[in-house]
Each structure stands twice: as C-alpha cells, then as structure tokens.
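A.B. asks: What follows is a single structure, and I will ask about it in a moment.
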Amino acid sequence: MAVVSHSPSMPVKSSVFKALTKTVRREGLSVVLIVALFTIIIGPMLTVVLWAFADVWRYPSLVPTQWGTSFWAETLARADLAMAFPLSVGLAVTVTLLSAVICLPASYAFARMNFPGRQGLLLSFLATNAFPRFGLYVSIAVVFYRLNLIGTIPGVILIQIVNTLLLMIWIPTSAFQGVDRSLEEAALDVGASRVRVFLQVTLPLVLPSLSAAVLLTFVSTFYEAQGALIVGLPNVTTMAVLMYSIINSQIIVQYGAIISFILWLPSLILLTFAQRFVRGNAISAGFGV
Amino acid sequence: MSTLELVGLTKHFSGAKQSAETVAVNDINLSVGDGEFLCILGPSGCGKSTTLRMIGGFEEPTSGDVLIDGASVVDMPPNRRPTAMVFQKYTLWPHMRVYDNIAFGLRLRHQDKAQIDKEVRDSLALVGLTGYDRRYPAQLSGGEQQRVALARALVLQPKMLLLDEPFSNLDALLRVRLREELYAIQRRIKITAIFVTHDQEEALSLADRIAVMNAGQLEQLDKPSQIYAYPRTLFVADFIGVMNIFPVQRQGDLLHIGQYALKAPEGLNGESGLSVAVRPEDFTFSATDGAWQGVIDQTIDLGHYRKVLVIVPGLFGDETAALAHRVKVYMPKSVQARAGDRIALTPSRYLVYSDTAVTRTSSATRTSSATPNAQPIEVRNQAVSGEDDR
Ligand SMILES: Nc1ncnc2c1ncn2[C@@H]1O[C@H](COP(=O)(O)OP(=O)(O)OP(=O)(O)O)[C@@H](O)[C@H]1O
Ligand SMILES: [Mg+2]
C-alpha cells in the first residue's frame, strides 16, 4: 500500500483497469457480442451504405473519394429492377401466406397431438436446413424440369416454400407447446367451447411468436436467391437473383450496393413495425423447441 | 349446492409402451352430500388429481360413472359441467387483466355489462382483492393469483367447487391463511367442495370428511377424527399422523412382539401377518413399572408437548433393530425426561391389523379377498384408566 501511494496516478489507472476487467468479466458475453455485432453485421452494412453513396472511391482512401447519388438514378431507371421488385414482393407475400396456411395448423398438431412418427417428422424439417441446400435444389430442379416447372412462378413458389418449412414449423410448434394446457382447461372449465378457447386463450398467447415466424419467413424469402436462381431462370428474376447477375456481370460495385440497399427496405420497415407488437424475446424464444 | 356420487370410477392410462398400462384410479365409490367439504388425501401419484379431473370432465373414465345431483355427467365436456376447478398451477390467462379473467365466463353467459361488473366486484371482494381488477396476473403474487382463480371459479356459481392442491405452491404461512379463508368462504356460500391435497394437516383442518387414497384405491372415507382414531387399514394408520407399527406373532390369546406380548382382542381371526399400531399418545409410562423396558434416546421439544424416542431392545431382539425402530411417545412437558433415562412403556390403546397386503408400498393390484378382519380391532387396556375418548 505504501508503495502505491507514492505515485498518485497509479491507483487511478489500476482502478480504471480493474473496473474495466470487472465489467468485461461481468458483462463479458455482451461485450463480445457487441463487438461481434459490429464487425459481422454493422461493418459490412456500413460498407454497402458507403458504396451506395459513392460516385468515386479509389483504392487507398478509407472513405469514398467523391460522394454523390449519381448511380441511384441510373440504377432505379433499369427496367429489370422495375420488374424484379414487385415480383419479389409478390413472391414473398405469396410464399409466406401459403407457408402459414400449411404450417400453422401442422405445428398446432405437432404441439398438441401425439401421433406415431411425430418426432421423426419434426426432425425431417431440419434436414432441409442441415445439409447444403444447393444439392437439394439441383435434385428438385431435375424433378421440376420433368414437370415443366422450371422458369415458372409456381416453381419458384414451391421451392421457396420448402425453404420456409423449418422456421414456420419449429417456431410455432414450440410456441404452442409453451402454452400450458391447464390455461386452456381453465377456459374450457368456465364454459368456453374449444374453438373459443383457441381463439381467445391459445392464439393471443402464441401471436408474438407466430408473428415473428411470419416476419422472418417473409424476409428470408425476399432475400432467397439460390432456389429462385436454379428454378426461376431464365424467366423469373427476383431482386436477389438480379443482384447476383449484376454483381457477376458488371464491375460497377455501386449497382450491387444500391440494390442491396433496396433489398433491405422491406425488412427494415417490417422489423421496425414488428418491434411494436412482438415481445422482445419472442424471436429468440421461438427457437427453444 | 349439490350432491356428488362416484360409482365404480376407474381410469387406466395406456403407457408409452402398449403393454404398460397404469391403473391411476381403481373402482372408487363414494358420495358427497350437499354443501359438504370433502378432502381427497393421499401420497403423490395415488390418483387424486385423476379422480378430480374425471369429476371436472378433463379425463374420461375408463369405466364407472360420475353423478351430480343424481344425473350422470360423464358424457358432458368440462364446459357443460356444473363444476368449477381451481388448479395447482397458476392458470390465470396472462394476457387478460384480473377483471377480464373473472368476467370471461360471465360474458360467455351473455349477461349484461352492469350485472357482470357487479358480480366481478362481488367475487373480488369475497376473496379480499377489491381494487385489483386492473392488474395483469404477472403483477400479482402467487397467493393473489390463486385467490383470483378462486374468484374466477366462484363467480359462475357452480354447483361444485373442485380444487387440486390450490395452495401447494405457496409458502407455509400463506397456505394456512388461504386455507382458513377458503374454509370461511365455503361455509358462507355453502358450496359443495372437493379438495385434493397430499397435506394431511390441510385435510384434517378443512374437511367434513376425508377420502384417503392409495395406489388408485379408496382406503377410507370418514370424518377427520374418525380417520385419526380408527384408521381402517394399515396404510391409513401409517399415513395419517404418527403411528408406531409393530409386526406381531400370534399364539392363542397373545400377540408377541419380541420378548413382550399384548393381549389379542376378542374376535381376532388369522394367525399370521398381524400388526399392532400404537399412537405416540397412547402410552402410559413410568421410570420402572411398565411392560416395555427401554432407554430414552432422544427428546424433541414440540412446543406444548414433548416427543420422546425410546429404544426398547426387547421388542426386536437386538440393539440395532431397536435403534432403527425407536418407539415414538408423546409426553406432557411436566414430566421429566432426558436422553439416557430409563423408561417403562405400556400401550394403553392399540389397534390390531390383519391386512398384510396393505402397506406403504402396496401396488395397485391388491388382493382384497379373504381378509380375515375387515376392520382393525381396537384394544383398550383395562389396567390403565386413560384419558381416552377421542
Ligand atoms: N396423462 C397421463 N398419462 C399417463 N399416466 C398418467 C397420466 N396422468 C396421470 N398418470 C398416472 O396416473 C397416476 C395418478 O396420477 P395423479 O396425477 O392422479 O396423481 P396424484 O395423486 O394427483 O399425485 P400428486 O400428488 O403428485 O399430484 C400416476 O401414476 C401417473 O403417473
Ligand atoms: Mg395431483
């Protein structure tokens, strides 16, 4: 102690350091997560934003050499983009709705009924996501080719629905499982019919998770490129597919940046909107099957 | 206000494997009078909840019948039965305010708004939660939630109130308070109530009659005092209160316990598999004069009386067994007793059981045939003038 009190700056420094290590130790995970968030998500996004508003950006410079929006007019005027955007929105809406109609009743059955093969079936949805998709898509494309579905909108819808199954089954299933049966029994007990119990007790309790599943499905379908690329070409060009082809065929980075900027729009709008009524942890809680 | 009758009520659950079938409830017959408070008491897994859930309509009986006011209700779903249930888990609907939780059932009955308003307020007042109507369940303590659940059940003026361990998630003090409140409410509105519990103190303090269940079967249905004084089976003797149970060998008129013997009661049939049960308060004791010679091993001060654990080697033949089966005796605190003191015990009242199969570990398949004595036989020692007459 006596030694330390000689230099007044020492204790201050060490206490700051201590406080810092303490914070890191206590909040270690969240600090790591925040840093990771910046480098993995915000970083690339920032680059894209910078590119979208750069007229000229030469190599050694850390920021665009010349700011501007001259590429925007050019990009937005493209005929393929004007076609792809409504197509993508329409596809995403259709796929999400169809998937909801198929999956939500199924997930209720998974949660509430015990039938043979239930567990196996539930796991089979994982299979579509557990293996490289490309292989799956190629073999599906072979089948679609025989059925004349290649290059058609129904074909793209079908392949994209396959994509949504995992999310739309697993999240709602665990949400329905999360509703204690005795809550439903209590409602039945005071005189409610089974339909009313579902509408007034079960559904309101799972709604946040269901909305989360629907939103995530919409967004991921909107971005989905592999399936749409393999089955949709050459006639059906979604935004994501368009972006691939633009990036591949032209060296102008700005086009890609601006299109990804536009691609974000629907999900940004939806997610902001979702925050209002989706309970904070519903999305993450949804995965606790 | 209604009567309930269970006739041969039985429930089998098919297990995970096809072959494994659980007999959760096995041929229960009982009737409950109008305004009566019946407690179903038994160890965990004995089928109490299943029985109650069959009355409420949440489980379908495998066989047997449930009659309310003489009419069978087994074909009715829960929403059409005149019963209301309070569950062990907190089952208030989390997305509805207290008011809406209670009003839910009333609205289904298409009552007008003013009427609903009045009834919700009355029922909240009944459970002592006036002014809580705007809260969400998450903003209530566990005890408050169960009171709202009670109000939600009572507001519909059911014929019968079913309660499945409604207070078992609460701390001991609150449990006692809510139990007393429930008792007062039940007496005031005179509703027929079936209360499931595994807590005998709860059952003894609430019930008009107690149905003791074990392994899916009804062991005894009686008034609390009767259950305590005359447990009908060895299981009930062991389960209710504290009991000393000794296996005995019969030789003519005598029941031998180790080197000691008790008088066999008149009319006792059967030679083997007999047991004698003595309550801790049914001993007379002195320093030297008495049948069973022992040494006090431990004394436990229980407030207004003292529990004394006595090693009586003669009962078992060897010390280790005697240590493992210390005789429990209750003494007034005025009597001097310390560990190490010599003591002589004489049972002043004991019950003799011959139903060997009924034990703590009995399974659902009980051989109930050929029991020589359907009832235990009570013996009061003539030599001792006890304060008996419970
Ligand atoms: N849905 C079910 N499927 C299969 N077996 C069941 C089911 N419900 C109950 N059982 C079995 O039936 C028996 C009785 O169960 P029950 O819930 O009635 O017991 P309990 O007396 O209420 O016990 P506790 O005091 O622990 O609540 C148990 O062996 C239990 O495992
Ligand atoms: Mg139970």
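A.B. asks: Tell me, yes or no, whether the range B:8-18 has at least one residue that is part of a strand (DSSP E or B) and crowded, with 21+ Cβ neighbours inside 10 Å.
C.D. replies: yes
A.B. asks: Check whether at least one residue in the range A:159-175 is at pLDDT 90 or above and either within 14 Å of chain B (Cβ to nearest Cβ) or not in a helix (DSSP H, G or I) (or both), and report yes or no.
C.D. replies: The answer is yes; a qualifying residue exists.
A.B. asks: Pick from the range A:54-78 the residues that are among the polar types (S, T, N, Q) and over 19 Å from A:Pro44 (Cα atoms): which of them is nearest to the chain's Cα centre (by Cα)?
C.D. replies: Across the range A:54-78, the extreme among qualifying residues is A:Thr75.
A.B. asks: So, one more: Among A:Ser211, A:Ser249, A:Ser260, which is the only one that is open to solvent by 50 Å² or more (accessible area, probe 1.4 Å) and over 20 Å from B:Pro137 (Cα atoms)? Give the steps one after another, and end with the answer.
C.D. replies: Details: A:Ser211 fails: open to solvent by 50 Å² or more (accessible area, probe 1.4 Å); A:Ser260 fails: open to solvent by 50 Å² or more (accessible area, probe 1.4 Å).
Testing whether each residue is open to solvent by 50 Å² or more (accessible area, probe 1.4 Å) and over 20 Å from B:Pro137 (Cα atoms) leaves just A:Ser249.
A.B. asks: Could you say which residue among A:Pro64, A:Pro60, A:Pro105, A:Pro132 is of a type outside the set (D, E, K, R) and touching a strand residue (DSSP E or B) at 6+ places or on another chain (Cβ under 8 Å)? Show your work before the answer.
C.D. replies: Working: A:Pro60 fails: touching a strand residue (DSSP E or B) at 6+ places or on another chain (Cβ under 8 Å); A:Pro105 fails: touching a strand residue (DSSP E or B) at 6+ places or on another chain (Cβ under 8 Å); A:Pro132 fails: touching a strand residue (DSSP E or B) at 6+ places or on another chain (Cβ under 8 Å).
Going through A:Pro64, A:Pro60, A:Pro105, A:Pro132 in turn, the sole match is A:Pro64.
A.B. asks: Here's a follow-up. Check A:Ala77, A:Ala92, A:Ala100, A:Ala111 and return the single one that is outside the structural domain of A:Val56 (by TED's automatic domain parsing) and open to solvent by 70 Å² or more (accessible area, probe 1.4 Å).
C.D. replies: Criteria check complete, one pass: A:Ala77.
A.B. asks: Quick check: is even one residue across the range B:20-31 more than 19 Å from the chain's Cα centre (by Cα), away from ligand 2 (no atom under 16 Å from the Cβ) and surrounded by fewer than 17 Cβ atoms within 10 Å (Cβ to Cβ)?
C.D. replies: There is at least one residue in the range B:20-31 that is more than 19 Å from the chain's Cα centre (by Cα), away from ligand 2 (no atom under 16 Å from the Cβ) and surrounded by fewer than 17 Cβ atoms within 10 Å (Cβ to Cβ).
A.B. asks: Something else now. Name, by its number, the condition in (1) within 10 Å of chain A (Cβ to nearest Cβ); (2) in contact with a helix residue (DSSP H, G or I) (Cβ under 8 Å, 6 or more places away or on another chain) that does not hold for B:Gln111.
C.D. replies: (1)
A.B. asks: Of all strands (runs of 3 or more DSSP E) completely enclosed by the range B:19-106, which ones contain at least 1 residues that are more than 15 Å from ligand 1 (Cβ to nearest atom) and more than 14 Å from chain A (Cβ to nearest Cβ)?
C.D. replies: Answer list for the range B:19-106: B:21-32, B:37-41, B:63-68.
A.B. asks: Can you name every residue in the range B:183-225 that is part of a helix (DSSP H, G or I) and of a type in the set (A, V, I, L, M, F, W, C)?
C.D. replies: B:Ala184, B:Ile185, B:Ile189, B:Ala203, B:Leu204, B:Leu206
The values are calculated or read from the model by the stated rules, or taken from the named source; none is laboratory data. Bear in mind the structure is a predicted one, so any value in this text is a computation, not a measurement. FYI the Cβ positions are ideal-geometry reconstructions off the backbone, even for glycines, and counts take in every protein chain you see. The accessibility values were calculated without ligands, DNA or RNA, using every heavy atom of the protein model including side chains. Shrake-Rupley method; radii C 1.70, N 1.55, O 1.52, S 1.80 Å.
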